[in-house]
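One structure is given below, encoded as structure tokens.
The values are calculated or read from the model by the stated rules, or taken from the named source; none is laboratory data. Since this is a predicted model, take the numbers as computed values, not measurements. Neighbour counts are summed over all protein chains in view; Cβ atoms, including those assigned to glycine, are modelled from backbone coordinates with ideal geometry.
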Amino acid sequence: MDGITGGRTSEHKRCMLTNLFDGIASGMVLFILASGLAVTLGLMNFVNLAHGAFAMAGGYATVQLTTKWGVPFLASLPLAFLISAALGAIFERTLYVHLYARPHLEQVLFSIGLVFMAVAVADYFIGSQQQYAVVPDYLKGRFDFYGVGVGKYRLFIIAVCGVIMLTLQAILTRSRFGAQLRAAVDDARTARGLGIPVARIFTLTFAVGSGLAGLGGALGAEILTLTPTFPLKYMISFLIVVTVGGTSSISGPFLAALLLGIADVAGNYYLPAVGAFITYALMLAVLMLRPQGLFARAQ
Amino acid sequence: MRWKPLLELAFWLLAFGAIFLLPRRLLLLNEIAILALFALSLDLILGYAGIVSLGHAAFLGLGAYTAGLTAKHFAVDPLIAIAAAAALSGLLGFTTSFLVLRGSDLTRLMVTLAVALLLGEAANKMQWLTGGSDGLQGVTVSAVAGLFEFDLRGRTAYVLSLTTLLLLFLVARRMMASPFGMSLRTIRDNPLRAAAIGVPVTRRLVTIYTIAAIYAGIAGGLLAVTTQFVSLDVFDFSRSADVMLVLILGGTGYLYGGILGAVAFKILQDVLSGITPQFWHFWIGLLLVLLMVIGRNRINGWFTALAQPFRRHVDREVAS
């Protein structure tokens with residue numbers, strides 16, 4: 001009898017670890033997707049609900065490159081980043097720049113308009129069915145790690161996202177650019193007076209944020225559902241990551257994304273009847289109790 | 001300015017006259033009236049109290065499901081079903097108002113969004129009650145007040161919705177012209193000063209948020225009763241976004257904005273989806289982007305310049 005229960009427990013534990021692993025992987029992708037928003041919404045205080053549209057662009061770029069043009073998957077990732085970043089830069093220069101100083105309501109309406117347009121454009125050119133990228137064979141399948149099933153693709157995601165997260169953290173806190181960005185956000189006028197090219201820094205930041213979203217969309221093309229409604233569907237996840245994580249650091253949104261990813265996978269597995277309900281309720285609770293974010297220091 | 005009441009009278013006469021003038025478009029007109037009521041509800045909190053909401057569909061949806069379920073299970077008069085919708089939505093508005101009052105615009109956006117998502121997800125999961133993603137089917141509605149049966153043309157539906165809209169509009173106008181409405185505008189323009197001159201800010205905002213929720217609940221109730229069907233999309237984010245666009249199209253803070261916006265929006269939708277059925281949201285999105293990039297104030301400025309001799313009340317909306 002001991003053997004049976006023991007076997008079941010370890011089976012259960014393995015399953016749990018696999019779920020945990022999958023949760024971490026989707027949390028990591030979520031972080032990459034939302035990191036740009038953490039900067040534009042968190043630091044620059046711009047409510048950009050259209051962030052997901054840039055992610056979708058990256059996802060579709062990878063699908064297009066790998067399936068139609070035969071570009072290797074690994075090469076398509078940086079291209080997805082560049083395409084989304086270029087889109088971000090163009091939109092920032094032509095449209096977003098007019099709305100920095102406007103009330104939140106107008107930023108919301110403007111970016112909702114962009115989302116509507118992006119959804120319709122994607123639907124028109126690509127169609128409403130789900131799209132998949134071509135993932136190379138060496139990233140497919142699972143291997144056994146001490147009895148825990150580890151998906152190769154998910155391991156790859158965790159590695160890539162981990163590196164990006166550390167790089168971002170270093171750039172924002174250690175580099176000259178990060179200091180200039182924080183100065184420009186804190187007080188644009190004074191920063192300009194000190195010779196910091198505020199407009200150029202904002203454009204660059206916005207472009208990199210959009211590019212990261214595109215990269216996230218490309219990486220997530222395999223584990224998220226890439227359809228034209230992508231920007232609407234994941235908007236709330238990005239917002240949760242930014243609000244729950246707070247905006248005073250990169251590690252806050254990072255932890256929030258991990259938490260959300262794990263909660264999502266675990267919730268779907270263990271409590272399918274409740275599903276996203278818990279996630280939304282938790283978000284409300286955090287908004288009520290710690291409006292500055294769960295992982296931020298109270299001001 | 002003697003002719004302004006005349007213009008209003010003409011507008012409402014035209015709205016009621018449409019029963020005979022446009023007998024083939026009554027279903028569309030019914031949708032317009034309901035959307036107008038929904039937008040009027042948003043105007044109460046956004047235009048008068050300055051509360052931004054990304055989840056106003058929460059009240060519409062709760063109202064729709066309440067009325068639908070009441071009509072389905074208790075076979076009551078549709079007016080009672082709508083009253084139940086108003087009551088429950090009002091209760092939700094009252095409870096959530098305390099969440100919404102805290103924090104900045106951004107927090108409000110997120111909280112209202114989260115409430116709507118929460119309810120949508122609840123309706124999705126409570127399949128035994130709501131029918132889940134299949135929608136609430138088998139809603140049969142008896143005659144209004146035992147007299148007026150619902151017809152396929154939508155005549156009864158339109159008369160019911162339009163009458164409700166007119167009554168609630170008059171109530172709203174009376175409220176906004178009262179000291180209560182004045183104090184709301186004071187809060188919108190400067191909450192700190194409002195509090196300093198003795199306006200009970202929190203109580204006023206809780207009240208108007210609850211009233212707006214009741215209005216939206218009634219709109220939802222009308223939707224359920226007149227279409228005899230409720231689906232999960234009543235909680236959709238795009239509902240909340242659309243109603244915001246409707247209100248912005250028509251202009252905030254003078255009550256007619258929601259109504260005119262609803263007329264413009266539905267006609268636009270009708271025409272655009274006639275051209276490109278699936279992609280009409282593209283044009284709506286483009287319109288929003290253009291409106292916002294050019295700037296609301298500047299556009300209002302054009303209108304004011306154009307309509308200088310006609311519109312005195314515009315001054316008030318430009319101030320927002």
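The set of residues in segment B:237-275 that are assigned to a loop (DSSP other than H, G, I, E, B) and within 14 Å of B:Phe38 (Cα to Cα) comprises B:Thr252, B:Leu255.
Put simply, of B:Phe237, B:Phe169, B:Phe180 the only residue that is within 14 Å of chain A (Cβ to nearest Cβ) and among the hydrophobic types (A, V, I, L, M, F, W, C) is B:Phe237. Among the residues here, B:Leu147 qualifies as of a type outside the set (Gly, Ala, Ser), away from chain A (no Cβ under 13 Å), free of Cβ contacts under 8 Å to residues at least 12 places away in the same chain and surrounded by fewer than 16 Cβ atoms within 10 Å (Cβ to Cβ). Checking the stated criteria, A:Ala266 turns out not to satisfy the condition of being among the small types (Gly, Ala, Ser), more than 13 Å from the chain's Cα centre (by Cα), farther than 22 Å from A:Leu181 by Cα and within 11 Å of another protein chain (Cβ to nearest Cβ). When A:Leu87 is tested against (1) within 14 Å of another protein chain (Cβ to nearest Cβ); (2) among the aliphatic types (A, V, I, L, M); (3) closer than 27 Å to B:Leu54 by Cα, only condition (1) is not met. Please work out if B:Ile80 is assigned to a helix (DSSP H, G or I), away from chain A (no Cβ under 14 Å) and either within 28 Å of B:Thr227 (Cα to Cα) or within 15 Å of the chain's Cα centre (by Cα) (or both). So B:Ile80 fits the description; yes. Of all residues in segment A:212-260, those being away from chain B (no Cβ under 14 Å), within 22 Å of A:Asn19 (Cβ to Cβ) and buried (at least 24 other Cβ atoms within 10 Å of the Cβ) number 6.
Sub-7 Å Cβ pairs linking a first residue in segment A:237-250 that is under 17 Å from B:Leu117 (Cα atoms) to a second residue that is assigned to a loop (DSSP other than H, G, I, E, B), at least 6 apart or interchain, are A:Thr243/A:Gly293; A:Val244/A:Gly293; A:Val244/A:Leu294, ordered by first then second residue.
Residue by residue through segment B:262-320, note down the ones that are modelled with pLDDT under 80, under 26 Å from A:Leu99 (Cα atoms) and β-branched (Val, Ile, Thr). Those that are modelled with pLDDT under 80, under 26 Å from A:Leu99 (Cα atoms) and β-branched (Val, Ile, Thr): B:Ile299, B:Thr304, B:Val314, B:Val318. Out of A:Ala38, A:Ala53, one residue alone is more than 30 Å from A:Tyr146 (Cα to Cα), of a type in the set (Gly, Ala, Ser), within 12 Å of chain B (Cβ to nearest Cβ) and in a helix (DSSP H, G or I). It is A:Ala53.
Tell me, which residue of segment B:57-77 that is surrounded by fewer than 22 Cβ atoms within 10 Å (Cβ to Cβ) and in contact with a Ser or Thr (Cβ under 9 Å, 6 or more places away or on another chain) is nearest to the other protein chains (Cβ to nearest Cβ)? The residue in question is B:Leu69. Screening B:Phe98 on (1) hydrophobic (A, V, I, L, M, F, W, C); (2) away from chain A (no Cβ under 14 Å); (3) in contact with a helix residue (DSSP H, G or I) (Cβ under 9 Å, 6 or more places away or on another chain) shows it passes everything except condition (2). Just one of the numbered conditions (1) more than 13 Å from chain B (Cβ to nearest Cβ); (2) not in a helix (DSSP H, G or I) is not true of A:Pro272: (1). Within the set A:Val115, A:Val119, A:Val97, A:Val108, the sole residue that is touching a His at 6+ places or on another chain (Cβ under 7 Å) and of a type in the set (Val, Ile, Thr) turns out to be A:Val119. Residues in segment A:129-153 that are within 14 Å of chain B (Cβ to nearest Cβ) and either assigned to a helix (DSSP H, G or I) or among the small types (Gly, Ala, Ser) (or both): there are none. Looking for something within 12 Å of chain A (Cβ to nearest Cβ) and within 16 Å of B:Leu232 (Cα to Cα) - is there at least one such residue anywhere in segment B:101-113? Within segment B:101-113 (the criterion being within 12 Å of chain A (Cβ to nearest Cβ) and within 16 Å of B:Leu232 (Cα to Cα)), the answer is yes, since at least one residue qualifies.
So, of the residues in segment B:114-142 that are of a type in the set (Gly, Ala, Ser) and without any contact (Cβ under 8 Å) to a residue 40 or more places away in the chain, which turns out to be farthest from the other protein chains (Cβ to nearest Cβ)? Across segment B:114-142, the extreme among qualifying residues is B:Gly131. Just to check your reading of the model, which residue among B:Leu192, B:Leu165, B:Leu170 is closer than 14 Å to B:Ser41 by Cα and without any contact (Cβ under 8 Å) to a residue 40 or more places away in the chain? Among B:Leu192, B:Leu165, B:Leu170, only B:Leu170 is closer than 14 Å to B:Ser41 by Cα and without any contact (Cβ under 8 Å) to a residue 40 or more places away in the chain.
The set of residues from segment A:103-128 being of a type in the set (Phe, Trp, Tyr) and facing chain B (nearest Cβ under 7 Å) comprises A:Phe110, A:Phe116, A:Tyr124.
Return yes or no: is A:Phe238 aromatic (Phe, Trp, Tyr), under 18 Å from A:Met44 (Cβ atoms) and assigned to a helix (DSSP H, G or I)? So A:Phe238 passes the test.
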